[in-house]
Each structure stands twice: as structure tokens, then as C-alpha cells.
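*Asks:* The structure is given below, and queries will be raised subsequently.
The values are calculated or read from the model by the stated rules, or taken from the named source; none is laboratory data. Nothing here was measured: the structure is a model prediction, and the numbers come from that model. Quick reminder, even Gly has a Cβ in these numbers, built from the backbone with ideal geometry, and neighbours come from all protein chains shown.
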């Protein structure tokens, strides 16, 4: 069984639909998982989404793979596409029912993941598809908090330009500027240089 999962995983990673078709669904479920210490994608669909293997993702979804299946942290295939900036995988996932607002165990949406990674093109595409750029996680953080943590100034500027909310406090009652001071304070300098913004 492990050899089959490895073969299916490689097929999904390399976008080899013919190889994948020879294994799934005949010998393996379209939701088969490869679990190891080095692999956090887990399902074949997560793998296909993370590597931008759109043909394999489509085949798996047509074979009834669950687009909202989660790994041990709550990542779905769409979270993995956000993590690796695979904009090309978004449409097929959404077409087959992926939840654009699905949450990880700690409340992160795919938009939060894209913000943390600084993937502005992914954020922009998700926003056009209806993602809530002001969604907050279980800490009360929205996407701009993740750009501050990861020091993605360009992504933060894009969020501000797109009217992300920032006049609120997180679950620790910290304002965005207080949060910024605890995380390198570059955002405070950005705010100071943009006097017209009302932080």
C-alpha cells in the first residue's frame, strides 16, 4: 500500500494524470494520504494544489476527492495553494466546492496564509473571488498582522491600499501599532511615513 501511495503522490506532484489514473480510484481512494514527519500536505489533492498540478487536482476532484479535507493543522488544499502561491489551482478548487473561508485549527484562512507568505497576487485573486480580507483568526488577527510578523512590507502596503481593517484590538487587547511594536516596529515607521492613514 505504501508503494502505491508513493507512486500516486509522485504522479500528483508531477502532474502526471495518466499515472494517477492508473492508481486512483481503482487501487487508492482519491482522498488517500501520505503521512510522514517530512510531509504535511497529506492528501493527494493537497499535494496537487501545493505543486500547481492542476490537471491532477481536477482529476482527483472529478473522482470525488474532498476539497475541504484537512491535515493535522487544519490546512486544506486551498491553504496549500496559498502557501506555495499556486494561483492556477484556485479556480478548480473553488469550482468543486473548496471553501474560500475555511479555517485552520487556529483560525487561519487561505488569505491569511497568502499574507504571511507575502503572495500579493494570490491575495488579490482570492479577494476577486470573494475572500474576506478582514477575516480574523482565533487571536483576533487579520491579514495585516501576518504581514507584520513576516516583515512583508509590500504585502502590508497592498492590504492598506485595499482598505484592510486596522482600527480594532486583537484578543490580547492590543492595537495594530502595539502589535507592531512587539514585532519589529517597521510597520510603525510605515504608518508614520503615511500620515494620511488613520492608524
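*Asks:* Among 172, 163, which is at pLDDT below 95 and within 23 Å of residue 90 (Cβ to Cβ)?
*Replies:* 163
*Asks:* Look through 91, 31, 55 and report the one residue that is modelled with pLDDT of 95 or more, over 23 Å from residue 146 (Cα atoms), touching a strand residue (DSSP E or B) at 6+ places or on another chain (Cβ under 7 Å) and not assigned by TED's automatic domain parsing to the domain that holds residue 158.
*Replies:* Result: 31 is the single residue among 91, 31, 55 that is modelled with pLDDT of 95 or more, over 23 Å from residue 146 (Cα atoms), touching a strand residue (DSSP E or B) at 6+ places or on another chain (Cβ under 7 Å) and not assigned by TED's automatic domain parsing to the domain that holds residue 158.
*Asks:* Would the stretch 102-110 turn up any residue that is surrounded by 13 or more Cβ atoms within 10 Å (Cβ to Cβ), part of a loop (DSSP other than H, G, I, E, B) and in contact with a helix residue (DSSP H, G or I) (Cβ under 6 Å, 6 or more places away or on another chain)?
*Replies:* No: zero hits.
*Asks:* Do we have residue 69 as closer than 16 Å to residue 103 by Cα, assigned by TED's automatic domain parsing to the domain that holds residue 10 and within 16 Å of the chain's Cα centre (by Cα) here?
*Replies:* Taking the combined requirement at face value, the residue satisfies it.
*Asks:* Now a separate question. Provide a single number: the residues in the stretch 117-134 that are buried (at least 19 other Cβ atoms within 10 Å of the Cβ) and part of a loop (DSSP other than H, G, I, E, B).
*Replies:* So the count comes out to 4.
*Asks:* Test residue 54 against the criterion of being within 17 Å of residue 120 (Cβ to Cβ) and touching a helix residue (DSSP H, G or I) at 6+ places or on another chain (Cβ under 9 Å), and give yes or no.
*Replies:* Here the answer is no, as residue 54 does not meet what is asked.
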